[in-house]
Amino acid sequence: MLKKRYIYASLLAGLVFLILYLILNFNILISLILTILTYIGGILFYKEKDVRKYDPNLIMHYCYLISKLYNYTNSIEDEIVNKNIKEITDEAEKIIIMLEQKPNKVTQVYDGFDYYLPLSIKVMEHYVYLKKKSNLTNKEKGFMLQINVFLDNIEKEISKLLENMNYTRMLDINSRIEIFKKGNEIVNSKEVLEEVHEIEGR
């Protein structure tokens, strides 16, 4: 998926080049340099366009995709395939729970889910279709042999998303601990204790 900031920056840079070179008759080298600088500036300026917000409806959609993927374990006999599917869905569910607790950490997760969840379902749909087919081509046989490699690679990417969520969570926890420690140091400082004793003695 092409990021919005790159689209907007490209349009802005193209407009600048047209104005400088075709309308104002600037030297082509100067026009290109200014166009490149405009493009880079546009990427930075429109960065916020790619920041995604927590959306309960989108979370519901991801839950539907996770459930749809998990349902394949009810009809597939291959234990390794089932194991890979369960690992993907278990990790995705953990990410959903964390997102509900930290709704500001959504952009990277959304991008990952938008790609890997539909991809997982497409892989499984093709796998189920080929399981019912009697005569497979060499390409199809290769796919069937590689199915667990595909699923394992998807699981690793979902796992990375989960690790990043856990890492961010640990950073938040550590930050809170540091704030608490500093607050504790202030409360237990000699000056504060003396003031407390002075107030108590009044």
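Could you check how many residues of the stretch 109-128 are of a type in the set (V, I, T) and within 16 Å of N153 (Cα to Cα)?
Here the count works out to 2.
Just name the residue that is modelled with the lowest pLDDT out of those in the stretch 98-117 that are open to solvent by 30 Å² or more (accessible area, probe 1.4 Å) and part of a helix (DSSP H, G or I).
Going residue by residue through the stretch 98-117, those that are open to solvent by 30 Å² or more (accessible area, probe 1.4 Å) are 100-105, 107-108, 111, 114-116.
Add one more test, that the residue is part of a helix (DSSP H, G or I), and what stays is 100-101, 107-108, 111, 114-116.
Numbers: E100: 75, Q101: 74, T107: 70, Q108: 75, D111: 82, D114: 88, Y115: 90, Y116: 92.
Checked the stretch 98-117; the qualifying residue modelled with the lowest pLDDT is T107.
Results for (1) modelled with pLDDT under 90; (2) over 23 Å from the mean Cα position of the chain (by Cα), shown as yes or no for each residue.
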position: Y129; (1), (2): no, yes
position: K141; (1), (2): no, yes
position: D152; (1), (2): no, no
position: E155; (1), (2): no, no
position: I158; (1), (2): no, no
position: R169; (1), (2): yes, no
position: D172; (1), (2): yes, no
position: S175; (1), (2): yes, no
position: F180; (1), (2): yes, yes
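Out of (1) surrounded by 14 or more Cβ atoms within 10 Å (Cβ to Cβ); (2) of a type in the set (G, A, S); (3) not in a helix (DSSP H, G or I), the odd one out for S120 is which?
S120 satisfies all of (1) surrounded by 14 or more Cβ atoms within 10 Å (Cβ to Cβ); (2) of a type in the set (G, A, S); (3) not in a helix (DSSP H, G or I) except (3).
Can you tell me which residues in the stretch 123-148 are open to solvent by 100 Å² or more (accessible area, probe 1.4 Å) and of a type in the set (G, A, S)? Lay out the reasoning, then the answer.
The initial filter retains those residues of the stretch 123-148 that are open to solvent by 100 Å² or more (accessible area, probe 1.4 Å), namely 129, 131-132, 134-135, 138-139, 141, 145.
Within the stretch 123-148, just S134 meets the criteria.
Return the pairs, sorted by first residue and then second, in which the second residue is not aliphatic (A, V, I, L, M), the first residue lies in the stretch 80-99 and is without any contact (Cβ under 8 Å) to a residue 24 or more places away in the chain, the beta carbons are less than 6 Å apart, and the residues are 6+ apart or on different chains.
N82/T73; T89/Y70
From I80, I76, grab the single residue that is under 19 Å from I147 (Cβ atoms), open to solvent by 70 Å² or more (accessible area, probe 1.4 Å) and modelled with pLDDT of 85 or more. Break it down stepwise before answering.
Working: I76 fails: open to solvent by 70 Å² or more (accessible area, probe 1.4 Å).
Just a single option satisfies the conditions, and that option is I80.
Tell me which of these C63 doesn't satisfy, since it passes every other one: (1) open to solvent by less than 80 Å² (accessible area, probe 1.4 Å); (2) modelled with pLDDT under 85; (3) within 28 Å of V123 (Cβ to Cβ).
If we test C63 against (1) open to solvent by less than 80 Å² (accessible area, probe 1.4 Å); (2) modelled with pLDDT under 85; (3) within 28 Å of V123 (Cβ to Cβ), just (2) comes out false.
The values are calculated or read from the model by the stated rules, or taken from the named source; none is laboratory data. Predicted, not measured: the structure shown is a model, and the values here were computed from it. Positions of Cβ are backbone-derived with ideal geometry, glycine not excepted, and every protein chain shown enters the neighbour counts. Note: areas computed on protein heavy atoms with side chains; ligands, DNA, RNA excluded. Shrake-Rupley method; radii C 1.70, N 1.55, O 1.52, S 1.80 Å.
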